[in-house]
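The next block holds one structure in the form of structure tokens; read it before the comments.
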Amino acid sequence: MSEDDQAPRRTRVTERFTRVPIFAMYLEDDEVARILAISDEISVRGDSEIFGPGEENDGFYIIIKGRVNIDLPSERGGRTTIATLSNRSVFGEMSFLRGDRKRSAWAHATEPTVLTKVRGDAFREMLEKGDVAAYKVIYNFAQLIAARLRRVEDELLDTLDELGPKRRERKLAELQEFRQKLFKEWSF
């Protein structure tokens, strides 16, 4: 197949990924193509584990088609599902962005699922070389995580509303104290 014949296919693939939140904002088609060049497509059977706690962190994933549960270890030794993700969702980015070498959660396909895995070593290399596409993805991750944090805060406030006025005020004061510590004591 000539390079001219491959161009329409690359464009279709690139267009599909421009609807993925981490690529949708600020990335040009050629930048999306550079990220996809360091990615692999993976098919996973339903009821299959993609990764688990303690496993080596080797990149992040984008769901093309299917469903994935993200589970954290519970205090009683089991699992607690914290998210169910579907098409165009990204997962595995938290430990990747923190630079953790090991995963802290399970990712489990609940149905036949097609994923794109962005290889972590190649993405880090793009960052080290100063590739703007990689920095734009990181910026988009920051926006995605900020939106998630806002939803968690909203859920927390809804939960506090169920406690009753006195307990709610006490818990809000504790939360405010925690926030102040975060903003004053964290060094970036």
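Does residue 46 meet the test of being touching a helix residue (DSSP H, G or I) at 6+ places or on another chain (Cβ under 6 Å) and in contact (Cβ under 8 Å) with a residue 12 or more places away in the chain? Give the steps one after another, and end with the answer.
Numbers: touching a helix residue (DSSP H, G or I) at 6+ places or on another chain (Cβ under 6 Å): no; in contact (Cβ under 8 Å) with a residue 12 or more places away in the chain: yes.
Judged against the criteria, residue 46 is not a match.
Select from the stretch 12-44 the residues that are assigned to a strand (DSSP E or B) and small (Gly, Ala, Ser) and write down the one among them that is surrounded by the most Cβ atoms within 10 Å (Cβ to Cβ). Among those that are assigned to a strand (DSSP E or B) and small (Gly, Ala, Ser), it is 39.
More than 29 Å from residue 86 (Cβ to Cβ) and loosely packed, with under 11 Cβ neighbours inside 10 Å - does that describe any residue in the stretch 112-129? So far as the stretch 112-129 goes, yes, one or more of its residues are more than 29 Å from residue 86 (Cβ to Cβ) and loosely packed, with under 11 Cβ neighbours inside 10 Å.
Which fully enclosed strands (runs of 3 or more DSSP E) of the stretch 72-164 have 2 or more residues being at pLDDT below 95 and aliphatic (A, V, I, L, M)? Break it down into steps so the answer makes sense when it comes.
Working: elements: 79-85, 106-109, 113-119.
Where strands (runs of 3 or more DSSP E) fall fully within the stretch 72-164 and carry at least 2 residues being at pLDDT below 95 and aliphatic (A, V, I, L, M), they are 79-85.
Being among the hydrophobic types (A, V, I, L, M, F, W, C) and in contact (Cβ under 8 Å) with a residue 60 or more places away in the chain narrows it down to one of 94, 126, so name that one. Break it down stepwise before answering.
Details: 94 fails: in contact (Cβ under 8 Å) with a residue 60 or more places away in the chain.
Answer to the check: 126.
I'm trying to understand the selection: among the residues of the stretch 45-61, which are among the small types (Gly, Ala, Ser) and either exposed (fewer than 12 other Cβ atoms within 10 Å of the Cβ) or assigned to a loop (DSSP other than H, G, I, E, B) (or both)? Walk me through how you get there before you give the answer.
Of all residues in the stretch 45-61, those among the small types (Gly, Ala, Ser) come to 46, 48, 52, 54, 59.
Once the filter is applied, which keeps residues that are among the small types (Gly, Ala, Ser) and either exposed (fewer than 12 other Cβ atoms within 10 Å of the Cβ) or assigned to a loop (DSSP other than H, G, I, E, B) (or both), the stretch 45-61 yields 46, 52, 54.
Given the criteria touching a residue at least 24 places away in the same chain (Cβ under 8 Å) and not aromatic (Phe, Trp, Tyr), does residue 74 qualify? No, not satisfied. Can you find even one residue in the stretch 176-186 that is surrounded by fewer than 10 Cβ atoms within 10 Å (Cβ to Cβ), aliphatic (A, V, I, L, M) and within 30 Å of residue 84 (Cβ to Cβ)? Checking the stretch 176-186: at least one residue is surrounded by fewer than 10 Cβ atoms within 10 Å (Cβ to Cβ), aliphatic (A, V, I, L, M) and within 30 Å of residue 84 (Cβ to Cβ).
The values are calculated or read from the model by the stated rules, or taken from the named source; none is laboratory data. What you see is a predicted model; the values in this text were computed from it and never measured. Positions of Cβ are backbone-derived with ideal geometry, glycine not excepted, and every protein chain shown enters the neighbour counts.
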